[in-house]
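Engineer: Input: one structure, supplied below.
Values quoted throughout were computed directly from the atomic coordinates according to the rules given, and no laboratory measurement underlies them. Bear in mind that the values here come from a model prediction, so they are computed numbers and not experimental data. Glycine also receives a Cβ, built like all others from the backbone with ideal geometry; neighbour counts cover every protein chain displayed.
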Amino acid sequence: MSNQTNTLGKRRQRSTNLAALVFLLPVFLILTAFIFYPIVDSFTISTYKWNGIAADKTFVGLSNWSKLLGDREFWFAFRNNIVIMVMSIIIQIPIGLAEATFIEFAGRKATVCKVLWFIPMLMSSVAIGFLFNYALAANGGMISAVSKLFGGGNIDLLGNKSTALMTVIFVIAWQFIPFYMVYCMAAYTNVSEDVYEASLIDGATKGQYFWQIALPLLTPSIKSAAILSMVGSLKYFDLIYVMTGGGPGTATELMATYMYKNAFVQFNMGYGSAVAAGMFILITVLSLVTMRMINGKKEV
Amino acid sequence: MKNRMKKITALGLSALMCFSATACGDGVQETPQGGDEPAEASADNADSGAEAADADTADTGSDSGDKVITFWNVGTEGADKETYEMAIRQFQESSQSGYTIENIPTQNDKYKEKLVIAMSSGECPDMYTTWSGGPMNEYIDSGYAQPLDDLYEKYGMKERFMEGALEQASYNGQLYAIPVKNISIAGIYYNKALFEQCGVNVPTTVSELEAACDTFLSNGIIPFTLANGPKWTGSMYFQCLAARKGGLEPFQKAAAGDGTFEDESFVYAGEKIQEWVNKGYFPEGFNSMSEDDGQAKAFFYTEEAAMYLTGSWNTAAFKTDSEDAGNDFYSKVDWFSFPAVDDSTADASILCGTMGDQFISFNCTDEKLDAAFEFATYLSSEETIDYMVSASLIPPVTGVEEKITDPVSKSIIDAANKASAVQLWYDQYLNPTVANAHLDGNQEVFGLTMTPADANKKMQEAQAEYLSGK
């Protein structure tokens, strides 16, 4: 009798395994084709001198990598990425959290705000880029128009080396704040209603509730939001590409735009791949270090 | 155990997350909305390219036997578009080859990137246009263009084109392209009415030009309109000034490695630009304005700016825009070549630009190549040429000056015929890395954030590196 159960169990196990295999196979194939293979291939190509279109490439060993290590423009781009990363975390998450908190406290009355604030998230990056290019245009843009109203001249935020990066950071914030707003709203739903009521019964003000109770409960979500924001900033490409193309000069060059220019504009696929692979290493290391720092105490 | 699994998952996930930066870049952040809007898809070209680049051998995938010739170009609107469509009609009506042309125009600045990505993924079109120079040579070296000397003989096209145009269509002594469309040279369009109103004559020297600019400034008129967002627009000032100061030699020597971009004519060009910027010769905020959006043209059309240094392809745009608006603006426009530098002995007839604007190269073989070439000959058929001339384009064919009646085009063709030499655009002539160094540096020179000496030094460093890696 027990023997029979055993075979049944085995059969059941086998069919479960088969189902798992069938369901996982497509995902695995897609990941292999579009993620794992390109990663490996980027590293391979980075050891070649190749213009990206010719059939023949020359093996150059690690010379692309040694060039990358000493490449001031790459490290300048990396520095820009770090600036965007820090500013994104400082600006986007607190504002997103504030918006979510407002909506949470105001309840139904805030539906209008919820919808309005969410709109930027519905637009594609390219559309946002064009929109702000027109809005910030030195001649006839909004900022210039306001400045003229007060008797000033045209203001060229994107064409000026010292303001271009900050302007782009502002636009990126405009785009992504709604994402963190939704993220925090989702986090709020995890905070039990009972906790809120209990704290009110105990005589807490809304401010006290937020700072002493909600915020600590939201911290894990905020931490993962920070990591999302960090990784997103380090690999940022689209808005910069549309709005400034890395300019003026190289003032808003990012690692990703630098990689793109090398690989596709300057016919230097080998070096472009080295930049891509370098980005991969930098971002992975930074994320792991940050995760370790944030979760460190818990993990050990 | 649980912790270890967690760690492994975290590691795996973070690796995935990061990777989407380097190869896919489709934005984990934006997941709620997904990235499937068409606008995003097209701008994410870079990504598809990164993956596509993995297709190792770039085979000529288009030779698949079907009788369709794909033709990529930048003729998205106006006379450019009509020219290509006209030639296609003629070809479809009279060709015996049985082929049809599929015309795929793409907007200018996106086109260059799209083409490279197509090539890197083995999807190179059968016919495509380039601006000749460095990138064209790069395509030829990579096997994406066929030598055309035999076909030139067969269709008797060698006599059809101006010599300078054929020279720019050649590489290593062989013809690899057919010049089409417009003679495109840098020169200054000006508003005759504003010149008259301020009592300014057409300047023949840089000091006269500066005097004219000062007069305009004191009358509240912007001397030059300029949109330097795309960088190549400002590069024209640099090229013209350098060519007037030292002729062609300094550039040719520097490009060949016998000279340097730190030569005095380049220093002069950079310093003049900064002097003009400081004096306010350009509209405020020019350094981020977009040429493709017509922001430079806007100042010229509204008669806020008196002069517009740009390529001569704009004649057609001025004419059609003026007609579309139903005003007489076009009758106020005329053109002069960049004035001479006062104390320089350099030949002031030298022009900067190209003798064809577009050059069609062919990525197909045998019968298909023959048919494609036959199609290209219709781009310089009498009928097409007549249309182009009527649309204020100047095709680089011999004897075209007799057909031209338009006064602006006449000034341009006169200058072209008188020119002792034509200097191809720097950003087309130079290796793309060096060209990029030049464009980036020059934009900063315009923005007053880099000294001309530093910009030239950067350009020279890029050139030296390119030559050493050659």
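Engineer: How many angstrom lie between the C-alpha centres of segment A:207-251 and segment B:377-406?
Structural biologist: After rounding, the separation between the Cα centres reads 57 Å.
Engineer: Same structure, new question: Tell me the relative contact order for segment A:77-299 as a rounded percent, counting alpha carbon contacts under 8 Å between residues six or more apart.
Structural biologist: So the answer I get is 28 percent.
Engineer: Let me ask you something else. Rank the residues A:T205, A:T257 as a footprinting-exposure proxy: fewest other Cβ atoms within 10 Å of their Cβ go first.
Structural biologist: Listing A:T205, A:T257 from fewest to most nearby Cβ atoms yields A:T205, A:T257.
Engineer: Further question on the same structure: Please check: in the Gaussian network model of chain A (C-alpha springs, under 10 Å), which one of A:T58, A:T16, A:T44 has the largest mean-square fluctuation.
Structural biologist: A:T16
Engineer: Of A:T7, A:F132, A:Y258, whose Cα points farthest to the positive end of the dipole of the protein assembly as shown (charges on the beta-carbon: +1 Lys, Arg; -1 Asp, Glu; origin at the Cα centre)?
Structural biologist: Value computed over the given set: A:T7.
Engineer: Going toward the positive end of the dipole of the protein assembly as shown, with +1 on Lys and Arg Cβ and -1 on Asp and Glu Cβ, which of B:S392, A:I90, B:V445 do you reach last?
Structural biologist: Projecting each Cα onto the dipole axis, the largest value belongs to A:I90.
Engineer: Here is a follow-up. Classify chain B: rounded, prolate or oblate, from the alpha-carbon gyration tensor (a ≥ b ≥ c, eigenvalue square roots; a/c under 1.5 rounded; otherwise prolate if a/b is larger than b/c)?
Structural biologist: Because a/c hits 1.5 or more and a/b fails to exceed b/c, chain B counts as oblate.
Engineer: Can I ask one more? List, in the order given, every pair from B:K272/B:K457; B:K181/B:K253; B:K297/B:K458; B:K319/B:K403; B:K114/B:K319 whose Cα-Cα distance in the structure shown is over 21 Å.
Structural biologist: Going by Cα-Cα distance, B:K181/B:K253; B:K297/B:K458; B:K114/B:K319 fall outside the 21 Å limit.
Engineer: What shape does segment A:77-299 take by its C-alpha gyration tensor, where a ≥ b ≥ c are the square roots of the eigenvalues and a/c under 1.5 counts as rounded, a/b above b/c as prolate, and the rest as oblate?
Structural biologist: Since a/c reaches 1.5 but b/c is at least a/b, the shape of segment A:77-299 is classed as oblate.
Engineer: For chain A, what does -39500 (n - 2.57) per DSSP helix run (n ≥ 4), summed and divided by total residues, give at 222 nm, in deg cm²/dmol to the nearest 500?
Structural biologist: Details: 13 runs with 210 residues, N = 300.
Here the helix-only value at 222 nm equals -23500 deg cm²/dmol.
Engineer: For every helix of n ≥ 4 consecutive DSSP H residues, a contribution of -39,500 (n - 2.57) applies; sum these over chain B, divide by its total residues, and give [θ] at 222 nm rounded to the nearest 500 deg cm²/dmol. If you can, show how the numbers build up before the last one.
Structural biologist: Values: 21 runs with 229 residues, N = 470.
Dividing the helical sum by the residues of chain B leaves -14500 deg cm²/dmol.
Engineer: With θ set to phi - 60° and the Karplus curve 6.51 cos²θ - 1.76 cosθ + 1.60, what are the ³J(HN,Hα) couplings of segment B:452-459 in order, to the nearest whole Hz, using x for Gly and Pro?
Structural biologist: x, 4, 5, 4, 5, 5, 4, 5
Engineer: How would you rank B:K154, A:K261, going from fewest to most other Cβ atoms within 10 Å of each one's own Cβ?
Structural biologist: Ascending Cβ contact count within 10 Å gives the list B:K154, A:K261.
Engineer: Starting from the Cα of B:Q174, step 7 Å along the direction of its Cβ; do the same at B:E93; then give the gap between the two resulting points in nm.
Structural biologist: According to this spin-label approximation, the distance is 3.6 nm.
Engineer: When the Cα centres of segment A:121-140 and segment B:66-110 are compared, how far apart do they sit, in Å?
Structural biologist: After rounding, the separation between the Cα centres reads 33 Å.
Engineer: Could you give each residue of segment B:304-316 its phi-based ³J(HN,Hα) in whole Hz, using Karplus coefficients 6.51, -1.76, 1.60 with θ = phi - 60°, and x for Gly or Pro?
Structural biologist: Whole-Hz 3J(HN,Hα) from phi for segment B:304-316: 7, 10, 8, 9, 8, 7, 7, x, 6, 5, 6, 3, 4.
Engineer: Further question: Once a ≥ b ≥ c are taken as the square roots of the eigenvalues of the Cα gyration tensor of segment B:63-121, is the result rounded (a/c under 1.5), prolate (a/b larger than b/c) or oblate (a/b not larger than b/c)? Display every interim value, and only then the final one.
Structural biologist: Numbers: a/c = 4.62, a/b = 1.25, b/c = 3.71.
It is oblate, given that a/c is not under 1.5 and a/b is not larger than b/c.
Engineer: Would you list the P(r) distribution for the protein assembly as shown, with all Cα-Cα distances sorted into 20 Å bins from 0 and each bin expressed as a whole %?
Structural biologist: Reading upward from the zero bin: 15, 43, 31, 10, 2, 0.
Engineer: Give the Cα extents of segment A:35-172 along the principal axes, in whole Å, largest first.
Structural biologist: 63, 43, 27
Engineer: Using the membrane-span-like helix rule (whole DSSP H runs, Cα extent along the own axis of at least 24 Å, mean Kyte-Doolittle hydropathy at least -0.5), which helices of chain A qualify? Present the calculation step by step, with values, prior to reporting the outcome.
Structural biologist: Details: long enough: A:2-31 (42 Å, 0.27); A:72-106 (50 Å, 1.11); A:161-190 (44 Å, 1.12); A:215-234 (27 Å, 1.31); A:269-299 (43 Å, 0.91).
Passing helices, by number: A:2-31, A:72-106, A:161-190, A:215-234, A:269-299.
Engineer: Now, a different point. At R0 = 60 Å, how high is the FRET efficiency between B:T365 and A:A98 if r is their beta carbon distance? Nearest 0.05 is fine. Write out the running numbers ahead of the final one.
Structural biologist: On the way: r = 64 Å, r/R0 = 1.07.
After rounding to 0.05, the efficiency reads 0.40.
Engineer: Given 0.36 nm per residue, what is the gain on full extension from B:N417 to B:D292 after removing their alpha carbon distance, in nm?
Structural biologist: Details: separation 125, 0.36 × 125 = 45.00 nm, distance 2.91 nm.
Contour length minus Cα-Cα distance gives 42.1 nm.
Engineer: Quote the FRET efficiency, to the nearest 0.05, computed for B:E264 versus B:Q197 with a Förster distance R0 of 45 Å and r equal to the Cβ-Cβ distance.
Structural biologist: Computed FRET efficiency for B:E264 and B:Q197: 0.75.
Engineer: Take A:V146 and B:E208, extend 7 Å from each Cα along the Cα→Cβ direction, and tell me the distance between the two endpoints in nm.
Structural biologist: According to this spin-label approximation, the distance is 4.7 nm.
Engineer: Okay, moving on. For a quick check: with amide H placed at 1.01 Å from N, whose amide H comes under 5 Å from B:T310's, ignoring anything fewer than 5 positions away on the same chain?
Structural biologist: Hits under the 5 Å cutoff: B:G187, B:Y189.
Engineer: For B:N108 paired with B:E304, estimate the spin-label separation in nm (one decimal), with each label point 7 Å from Cα along the Cα-to-Cβ line.
Structural biologist: Taking the two extended label points, one gets 2.0 nm.
Engineer: Moving on. May I ask you to derive the FRET efficiency for A:A33 and A:V83 from their Cβ-Cβ distance with R0 = 35 Å, giving the value to the nearest 0.05?
Structural biologist: Working: r = 35 Å, r/R0 = 0.99.
E between A:A33 and A:V83, to the nearest 0.05, is 0.50.
Engineer: Only bridges whose two residues both fall in the protein assembly as shown count here: according to DSSP, what percent of them are antiparallel, nearest 5?
Structural biologist: In the protein assembly as shown, approximately 65 percent of DSSP beta bridges are antiparallel ones.
Engineer: Continuing with this model, one more query. Return a single number: how many Lys pairs in segment A:77-299, at a sequence separation of 8 or more or on separate chains, have alpha-carbon atoms below 21 angstrom apart.
Structural biologist: 7
Engineer: Right, here's the next one. Suppose every Lys and Arg Cβ carries +1 and every Asp and Glu Cβ carries -1, with no other charges. What dipole size does the protein assembly as shown come out with about its Cα centre, to the nearest 20 debye?
Structural biologist: Dipole size: approximately 4300 debye.
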